[in-house]
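The structure appears right after this line, and notes come after that.
The values are calculated or read from the model by the stated rules, or taken from the named source; none is laboratory data. Please read these numbers as outputs of a predicted model, since none were measured by experiment. Cβ coordinates were reconstructed from backbone atoms using ideal geometry, including for glycine residues, and neighbour counts include every protein chain displayed.
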Amino acid sequence: MGSGKSTIGRLLAARLRWRFVDSDARIVAATGVDIPTIFAIEGEAGFREREHRVLYDIAQEDEDIVLATGGGAVLDPRNRELLRRMGEVIYLEVSVSEQRKRLRHDRQRPLLQVDNLRQRLDELAAERTPLYRQTAHWRVRGDALRSDQVLRQILRHLRDLCTGQ
């Protein structure tokens, strides 16, 4: 959450000439309502089930894509397995302090509509960080980097991966 998945994902997809897919955007398109509305009607469990079905459908597509998932996608073990089978999973790691800077005015994330944002981000990080690390093939720290710098690191990693370095 707030790591730059969508921003970096779009840049990477453009550079690779692949299609960019945002799983949250697919959920919104399929339901016709925004994520806060889904949470309000179905709760987090309902949203997570929708998220899994969308990721499963994306995994069945036979196309090179750059995929950005919602921050909680890794909570479901089925999603972690799907993601690892789909291709190279890159974890854009940012500190809670950086997340707080990026997300403090965001009103579209139901899990962050709390009085103490720092505490909530700490709780989410404690739950999710081990799962991100378990799922990812590779990670990049993005706190002090601009988007173009993160993109260059990822491109270098993918080049090395393709050349066996």
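Side notes on the structure shown:
- Qualifying residue in region 3-17 (condition: closer than 27 Å to ARG156 by Cα, among the polar types (S, T, N, Q) and not in a helix (DSSP H, G or I)): yes
- Looking across region 148-165, the residues that are loosely packed, with under 13 Cβ neighbours inside 10 Å and of a type outside the set (Val, Ile, Thr) come down to ASP148, GLN149, ARG156, ARG159, ASP160, LEU161, CYS162, GLY164, GLN165.
- Odd one out for GLN119, checked against (1) polar (S, T, N, Q); (2) within 17 Å of SER6 (Cβ to Cβ); (3) modelled with pLDDT under 95: (2)
- Of all the listed residues (ARG85, ARG133), the sole one being loosely packed, with under 14 Cβ neighbours inside 10 Å, charged (D, E, K, R) and closer than 16 Å to GLY71 by Cβ is ARG133.
- Residue within region 24-39 that is in contact with a helix residue (DSSP H, G or I) (Cβ under 7 Å, 6 or more places away or on another chain), surrounded by fewer than 14 Cβ atoms within 10 Å (Cβ to Cβ) and among the charged types (D, E, K, R) present: no
- Test: residue in region 82-102 that is small (Gly, Ala, Ser) and either under 20 Å from ASP24 (Cβ atoms) or touching a strand residue (DSSP E or B) at 6+ places or on another chain (Cβ under 7 Å) (or both): yes
- LEU92 passes every criterion in (1) of a type outside the set (Ser, Thr, Tyr); (2) surrounded by fewer than 18 Cβ atoms within 10 Å (Cβ to Cβ); (3) touching a residue at least 40 places away in the same chain (Cβ under 8 Å) apart from (2).
- Figure legend. Inter-residue proximity from region 41-63: first residues loosely packed, with under 14 Cβ neighbours inside 10 Å, second residues modelled with pLDDT of 95 or more, beta-carbon distance below 6 Å, spacing 6+ or different chains. No pairs are indicated.
- Any chance ARG133 is at pLDDT 80 or above and more than 15 Å from the chain's Cα centre (by Cα): no
- Selection status of LEU145, of a type in the set (A, V, I, L, M, F, W, C), at pLDDT 95 or above and surrounded by 12 or more Cβ atoms within 10 Å (Cβ to Cβ): no
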